[in-house]
Amino acid sequence: MSNRNIIALVLLFISIFLLVPGLTKPMLSIKIGLTLPLMGETTIYERVQSIVQSVEFLWENNNRFVAFLILFFSIIVPFAKATMLLIALMFKKLKKRYELFRFVHAIGKWSMADVFVVGVFIAFLSTKSTEGIQAELYEGFYYFTGYCILSLLSAQLIQMERA
C-alpha cells in the first residue's frame with residue numbers, strides 16, 4: 001500500500017469516528033423570543049438537536065421527504081461511501097476493486113450534500129443577528145464539519161490503479 005493510501009486510510013478512520021458524534025451530538029440551538037411590555041422577555045420556541053434528532057423530528061411532523069433527504073445524504077451515503085472505500089483500500093485481491101473505487105468517486109459528488117447541510121446551518125445562524133432569534137452552535141457541528149473535511153481529503157488522496 002502506498003504512503004498516500006495509508007494516510008487516506010487513517011484519515012478515513014478518523015472521519016468515521018467524527019461522523020458518529022457529528023450525527024448524534026447536539027448541533028444547533030435555536031431560541032426565539034420577544035420582549036413584551038410589562039412581561040419582559042418571553043421565549044416562544046427553544047430547541048437543541050442533533051442531525052439524527054432533526055430527522056426524527058421532521059419524520060414525526062410529516063416532513064418525510066426532507067427527513068429522508070437528510071437521512072440519505074447525511075447518514076446513509078457517508079457510511080456507504082466509507083465502507084466501500086475501506087473495502088477498496090484493504091482488499092488488494094478484489095477483482096472489482098478499481099470499479100468499486102470509481103463508483104465511490106462518482107458518488108463522492110453526492111457527499112457534497114454533507115457540506116450543503118453544514119452550509120444550511122451556517123446560513124441559518126446568520127439570522128442570529130435578528131432581534132428575538134438566538135442561535136448557537138454545539139459540538140455536533142464541529143464533529144460533522146471535521147468529518148466532511150477529512151472524508152473529502154481522504155478520498156482525494158487515494159491512489160488506485162486498474163488491476
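I'm told E99 meets every condition in (1) modelled with pLDDT of 80 or more; (2) open to solvent by 70 Å² or more (accessible area, probe 1.4 Å); (3) assigned to a helix (DSSP H, G or I) except one. Can you identify the failing condition by its number?
Going through the list (1) modelled with pLDDT of 80 or more; (2) open to solvent by 70 Å² or more (accessible area, probe 1.4 Å); (3) assigned to a helix (DSSP H, G or I), E99 breaks only (1).
Quick one: would you say M90 is open to solvent by 80 Å² or more (accessible area, probe 1.4 Å) and at pLDDT 75 or above?
yes
For a quick check of your reading of the model, give me the residue pairs whose first member lies in segment 133-144 and is within 20 Å of I16 (Cβ to Cβ) and open to solvent by less than 80 Å² (accessible area, probe 1.4 Å), whose second is in a strand (DSSP E or B) and at pLDDT 80 or above, with beta-carbon atoms closer than 8 Å and at least 6 apart or on different chains.
Pairs found: G140/L28; F141/L28.
Before we move on, is S15 closer than 20 Å to A135 by Cα, touching a residue at least 12 places away in the same chain (Cβ under 8 Å), open to solvent by less than 80 Å² (accessible area, probe 1.4 Å) and assigned to a helix (DSSP H, G or I)?
No, not satisfied.
Might you let me know whether segment 23-35 holds any residue that is modelled with pLDDT of 85 or more, on the phi < 0 side of the Ramachandran plot and assigned to a helix (DSSP H, G or I)?
yes
Looking only at residues that are in a loop (DSSP other than H, G, I, E, B) and in contact with a helix residue (DSSP H, G or I) (Cβ under 9 Å, 6 or more places away or on another chain) in segment 42-65, which one is nearest to G132 (Cα to Cα)?
S50
Out of all the residues in segment 14-35, is one or more among the aromatic types (F, W, Y) and farther than 20 Å from E139 by Cα?
The answer is no, given that none of the residues of segment 14-35 is among the aromatic types (F, W, Y) and farther than 20 Å from E139 by Cα.
The values are calculated or read from the model by the stated rules, or taken from the named source; none is laboratory data. What you are looking at is a predicted structure, and each value in this text was computed from that prediction instead of being measured. Virtual Cβ from ideal backbone geometry, glycine too; neighbours counted across all protein chains shown. All accessible areas refer to the heavy atoms of the entire protein, side chains included, with ligands and DNA or RNA removed. Shrake-Rupley method; radii C 1.70, N 1.55, O 1.52, S 1.80 Å.
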